[in-house]
1. Give me 9, 148, 259 ranked fewest to most by other Cβ atoms within 10 Å of their Cβ, as a rough exposure proxy.
2. Straight-line reach from residue 145: which lysines fall under 20 Å, measuring Cα to Cα and dropping same-chain residues less than 8 apart?
3. For residue 352 and residue 147, compute 0.36 nm times the residue count separating them, minus their Cα-Cα distance, and round to one decimal in nm.
4. So which trypsin sites (Lys or Arg not before Pro) in the stretch 44-111 pass both tests, a DSSP loop state and at most 14 other Cβ atoms within 10 Å of the Cβ?
5. Placing one identical point scatterer on every Cα of the stretch 3-141 and ignoring solvent, what is log10 I(q)/I(0) from the Debye formula at q = 0.12 Å⁻¹?
6. Among 308, 43, 218, which one shows the biggest mean-square fluctuation in a GNM of the chain, springs joining Cα atoms closer than 10 Å?
7. How far is helix 177-190 tilted off the main Cα axis of the chain, in degrees rounded to 10, range 0 to 90?
8. Relative contact order for the chain: what percent, with Cα pairs under 8 Å and sequence separation of 6 or more?
Amino acid sequence: MSTDDLFQYNLVPAREISLRVSRLQDRLQEGPMDGVLILDPLNMFYYTGTIQQGVFFVPTEGEPVFLVRRSYERALLETPLKRVLPLKGFSQLRATLADLGLQTNVLGVTEPSLSVSVYKTLVDAFPGGAFTDISALLGMIRAVKSNYEVGLIRKAGARHEIVYDAIPSMIREGMTEWDLGVEIHKVMMALGYTGITRFSAVGGEAFMGIVSFGESGNYPTASVGPGGLMGLSPAFPLLGGKRKLGRGEPIFVDTGFGYEGYFTDKTRVFSLGVPPASALEAHKTCLDIQEAIRCRLKPGDIPSQIYNEVFNEFVYPHGFEKHFMGFDSNQVSFLGHGIGLAMDEFPAIAGKVDTPLEANMVIALEPKKGLEGIGLVGVENTFLVTDEGGEKLTTGSDAMIIV
C-alpha cells in the first residue's frame, strides 16, 4: 500500500514545522539552557506534527531529535523531521543524546504538564542535571499563529457557524439540556469536529461544551469559565443535564469546535419565546462590551489596560459588575483568552497580563452576565488580532435568537 493510500488526512507541512523549531531555538539562545524536552501532546504535535509516546529534544543550536517509544512507525509516517529514532525507555535518554553530541546539563521542561512520576523519572535519567520551566515561553511562541494556523482556525469558525445556524430547528419545549447537546454534537461530528476540546493542563480535555437552560447557567462549576451547568450527575458534570426547557428562559450554548487540532470558541443564547426584558438588556450590554474589547485587539495594545479600560468605561458605569463574568462563585477575572491548539492559550485579557498583543494572536472574548432567577446571557467569539482591531472568525449574529 502506498503512502498516499494510507493517509486520509492532512499532515502539517514541513516548512511549518521547520519555522516553529527555528522560532524556539531563537528564543533558547537568549538563556542558559542546553535544550528542551517536549513530552506533552500539544507541544509535541506543534513541533513534530504527530502525537506519540516519546520525547522531542530541541537543542539550543543544531538539529533536533525525536525519540519515540510508540509508535515509531507512525511517527515516521506523520512527521517531516529527519532525525527520528526509536527509544526503549527513559533510562537510555541521556546516553542517546550524548551519543549524538548533545549537551543536557540544563534542560527546559513544561512543568505544568508533567506528572510527579514522570518528573522523577527525568531526574533519575539526568543525574546532576538541572531543569527549568519553559511552559510560559512555549505558550508565548504558540500564541502568535502562522497564516497556516489561522487558515485552519477560519475553517473551524466556518463550521462552527453551520452548527449554530442549525440550533433553532432543534429547540422544542420539554426537551432536556442533554437532548439538545446530543443533537448539537451530532451536527458537529458530521462536520469533522474532533470530538473533544483540549486544555493546556495535564489531562485537560472536555466533552463538547455547555448547554444550560435557565438557572442551570448559574449552577456552580469547577470549570475555569463563567458558564455554569449541572451535567447528568456529579460523576459527569459536563455538557448538560436533565433540566427540561420551558418557555422564555435563556438557552445558553457554549462550545469549542476543533478542526485538524485547532479550535474556535463560541457562545450564543437562544430562547423559546420571549425572555424577560432584563435578560435582553443584559445581553445587549454584553455585546457592547465585546465590541469595546474587539476594537482594542490591535498589535501593541496591552491586555491589562484593555481589561481596566473596559471595566471603567462600560462595566462600572452600568452597575454591571455583580455576577458579570459568572454568577456568584463562577465569576472569573478575565474577559477573554487565547485559543489555538488548546482552548486556554496565552494571552488572557486580564488585569495582570502586561505583554503587548501581536498580530496573528487569536483570542476568544466572552463577556457574560448571570441573572438571578433567570440564568446566564452574553456572547463569545473568536477574534484575530489585526491592525484594524479584532477580526471575527466565528461569524454569525450575536443577538439573542428567539425561536
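1. Listing 9, 148, 259 from fewest to most nearby Cβ atoms yields 9, 148, 259.
2. Straight-line reach from residue 145, under 20 Å: 155, 266, 298, 392.
3. Net length gain for the segment: 70.9 nm.
4. 82, 83, 88
5. Rounded to two decimals, the profile gives -0.44.
6. Looking only at 308, 43, 218, the biggest GNM fluctuation is shown by 308.
7. 50
8. 15
Throughout, read-outs are computed from the coordinates displayed, never taken from laboratory work. The shown structure was predicted, so the numbers you read here are calculated from the model rather than taken from an experiment. Please note: Cβ atoms are built from the backbone with ideal geometry, for glycine as well, and neighbour counts cover all protein chains shown.
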